[in-house]
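Below is one structure, written out as structure tokens; comments come after it.
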Amino acid sequence: MSNALKLTVPDGVPFIDFERDFDFPVADVFQAHKNPELIAQWLGPHGTNVEIDNYDFRSGGSYRYHHTGPDGVSYAFSGIFHTVRENDVAIQTFEFDGYPDVVSIEFLTFEDLGGNRCRLKGHSVYPSQEARDGMAASGMEGGMSEGYERLDELLGSVVHGNQGR
């Protein structure tokens, strides 16, 4: 897969935008964001282990999970799903336990490109410029890129695994 993550961190505003194309249908990419068993297989950089405490991907649901890197250090993340529309949009909060009281709101849009391809667009709004700058400097871009590479691999193995049936 050669679809690169496009991350935009504009000057002077507390938000980050991203865009990533996938060579899979919207329904598959959406399901990979919805199903906690799949989330645990792709979320985060290579070498990351994800433990899901709870993950209820529906309007009014919530989530909490831990990433543990190869160094053994664990990081916890949590939030609330405010709006989830199947194969269309998810609006959620995002909080990293390492920075309590800094909550962002994220808008994810799943766009059908035709030909069994889709585009995932994200818009994350932070409570301050400082919080946004901290997130941008945290290695977010590399972690997201690697996570989406892992998602491509996962979806490719699911598609490949179903072809023989």
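The values are calculated or read from the model by the stated rules, or taken from the named source; none is laboratory data. In this text the structure is predicted, and so the values were computed from the model without any measurement. FYI the Cβ positions are ideal-geometry reconstructions off the backbone, even for glycines, and counts take in every protein chain you see.
Could you please find all residues in the stretch 148-165 being of a type in the set (A, V, I, L, M, F, W, C) and either modelled with pLDDT of 95 or more or over 24 Å from VAL26 (Cα atoms) (or both)? Don't jump to the end; show me each part of the working.
Taking the stretch 148-165 and keeping what is of a type in the set (A, V, I, L, M, F, W, C), we get 151, 154-155, 158-159.
The answer is LEU151, LEU154, LEU155.
Condition first: of a type in the set (Gly, Ala, Ser) and in a strand (DSSP E or B). Now tell me which residues in the stretch 65-86 satisfy that.
Once the filter is applied, which keeps residues that are of a type in the set (Gly, Ala, Ser) and in a strand (DSSP E or B), the stretch 65-86 yields SER74, ALA76, SER78, GLY79.
What pairs come out if I take residues in the stretch 10-21 that are within 27 Å of GLU149 (Cα to Cα) and pair them with residues that are of a type in the set (Val, Ile, Thr) and part of a loop (DSSP other than H, G, I, E, B) whose C-beta lies under 7 Å away, six or more apart or interchain?
ILE16/VAL9
Right, LEU113: surrounded by 13 or more Cβ atoms within 10 Å (Cβ to Cβ), modelled with pLDDT of 95 or more and within 20 Å of GLU37 (Cβ to Cβ) or not?
no
Looking for something part of a strand (DSSP E or B), among the hydrophobic types (A, V, I, L, M, F, W, C) and buried (at least 17 other Cβ atoms within 10 Å of the Cβ) - is there at least one such residue anywhere in the stretch 24-42?
First pass over the stretch 24-42, keeping only residues part of a strand (DSSP E or B): none.
No: zero hits.
With the requirement that a residue be farther than 16 Å from GLY47 by Cα and part of a helix (DSSP H, G or I), what does the stretch 117-140 give you?
Passing the criteria: GLN129, GLU130, ALA131, ARG132, ASP133, GLY134, MET135, ALA136.
What is the number of the single condition among (1) touching a residue at least 40 places away in the same chain (Cβ under 8 Å); (2) of a type outside the set (Asp, Glu); (3) over 23 Å from ASP133 (Cα atoms) that LEU43 does not meet?
So the condition that LEU43 fails would be (3).
Give me the pairs, please: first residue somewhere in the stretch 120-147 and closer than 26 Å to VAL29 by Cβ, second residue anywhere and at pLDDT below 95 and in a strand (DSSP E or B), beta-carbon distance under 9 Å, and either six or more positions apart or on two chains.
What qualifies is MET135/PHE96; SER138/PHE96; GLY143/HIS67.
Checking ARG58 against (1) of a type in the set (Lys, Arg); (2) closer than 22 Å to LEU113 by Cβ; (3) touching a residue at least 24 places away in the same chain (Cβ under 8 Å), which single condition isn't satisfied?
Every listed condition holds for ARG58 apart from (2).
Among the listed residues TYR99, TYR63, TYR55, which satisfies the condition of being exposed (fewer than 14 other Cβ atoms within 10 Å of the Cβ) and of a type in the set (Phe, Trp, Tyr)?
TYR99
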